[in-house]
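*Asks:* Pasting a structure below so you can have a look.
The values are calculated or read from the model by the stated rules, or taken from the named source; none is laboratory data. For clarity, every value in this text was computed on a predicted model and none was experimentally measured. With ideal geometry, Cβ positions are generated from the backbone for all residues, glycine too; neighbour counts draw on all protein chains shown.
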Amino acid sequence: MIKRSFLTLVTFLLMTISFAYAGDWSKIKIGTEGAYPPWNGMNAAGELEGAEIDLVFDLCKRMKAECELVAQDWDGIIPALQNGKYDAIMAGMSITAERMEVINFSQGYANEPASFSVLKSSPLASLKFSGKVNMDALDGKSKKLLKSLKKTLKGATVGVQGSTTHENFVKQVLGDTVTMKSYDTQENLELDLSVGRIDAALSDQGSMEKFMESDNGKNIAFIGPGLGGGPFGGGVGVGLRKADTDLLEMINKAIDEARADGTLAEHFIKWFGKDISM
């Protein structure tokens, strides 16, 4: 009981110290994965780069803040935010109801459909890459596309990055129709797909398109419709602690400015080859 009371006191004091400094956002730490190009990745020199890395410094300049990037493995990216390792997350993170139960989000700044990809030599490649499905508004055509997708993938081993909207889609929509294999990084998922250790992969189109440009990914193709809405969330935004409402306002204002002057779109055109900004 004494030990528990002491820990409670220490926790209270740490929270008090933390709140005492709340509101001073002249220096901001931003957490990112650094393993999800072209959103965020590492170059040959070990430096962070990507559309979100450029956007970080754009937004920070507008907020007149000194920003520091912190690389963090995907699985621990939200707990590390909550524990104070950094102040915000910019890591291709979709805004979902599930995540909003524990953290806050800025307005969305980008949105990219998800798609399944397979080896071009796979029998699964017979399913044409066409159409779009909004999981929030399933009409007759969308239901037909999903039915065809499920039929094609029946019995397949499908790879996804763990703790993502893609993993949620496979669990919720495909269920036991497929065998799901979760990966710690997008890179490991892509490599297993390229050598045939899995039959298909589900990821956002932009990240897989980047891999398709490489020698290892040139024999990979998309199948089925582009997917969005529902378990995929409402676009990508900045993740923040719920208490940091002042920082949220600053970031939303900076995103508005970047959208209005066209630089938000420019960041994504540079790295994705197309405008996926919101």
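*Asks:* Does any residue in segment 65-83 that is aromatic (Phe, Trp, Tyr) come within less than 8 Å, Cβ to Cβ, of a residue that is part of a strand (DSSP E or B) six or more places away or on a different chain, and which pairs are these?
*Replies:* 74/36; 74/161
*Asks:* Mind counting the residues in segment 192-208 that are free of Cβ contacts under 8 Å to residues at least 40 places away in the same chain and either buried (at least 16 other Cβ atoms within 10 Å of the Cβ) or acidic (Asp, Glu) (or both)?
*Replies:* Final tally of qualifying residues: 1.
*Asks:* Next up: If you go through segment 230-261 one residue at a time, how many are surrounded by fewer than 16 Cβ atoms within 10 Å (Cβ to Cβ) and either touching a Phe, Trp or Tyr at 6+ places or on another chain (Cβ under 7 Å) or of a type outside the set (S, T, N, Q) (or both)?
*Replies:* 10
*Asks:* So which residues in segment 123-151 are in a loop (DSSP other than H, G, I, E, B), farther than 21 Å from residue 176 by Cβ and in contact (Cβ under 8 Å) with a residue 60 or more places away in the chain, if there are any at all?
*Replies:* Passing the criteria: 128, 136, 137.
*Asks:* While we're looking at this one, here's another question. Can you find, within segment 109-148, the residue that is surrounded by the most Cβ atoms within 10 Å (Cβ to Cβ) among those that are within 21 Å of residue 186 (Cβ to Cβ) and not hydrophobic (A, V, I, L, M, F, W, C)?
*Replies:* For segment 109-148, the residue satisfying everything is 117.
*Asks:* Quick check on segment 208-246: of everything there that is among the basic types (Lys, Arg) and outside the structural domain of residue 167 (by TED's automatic domain parsing), which residue is nearest to the chain's Cα centre (by Cα)?
*Replies:* That would be 241.
*Asks:* Given the options 202, 149, name the one that is within 21 Å of residue 73 (Cα to Cα) and among the hydrophobic types (A, V, I, L, M, F, W, C).
*Replies:* Answer to the check: 202.
*Asks:* With the requirement that a residue be in a helix (DSSP H, G or I) and more than 10 Å from the chain's Cα centre (by Cα), what does segment 155-169 give you?
*Replies:* Once the filter is applied, which keeps residues that are in a helix (DSSP H, G or I) and more than 10 Å from the chain's Cα centre (by Cα), segment 155-169 yields 167, 168, 169.
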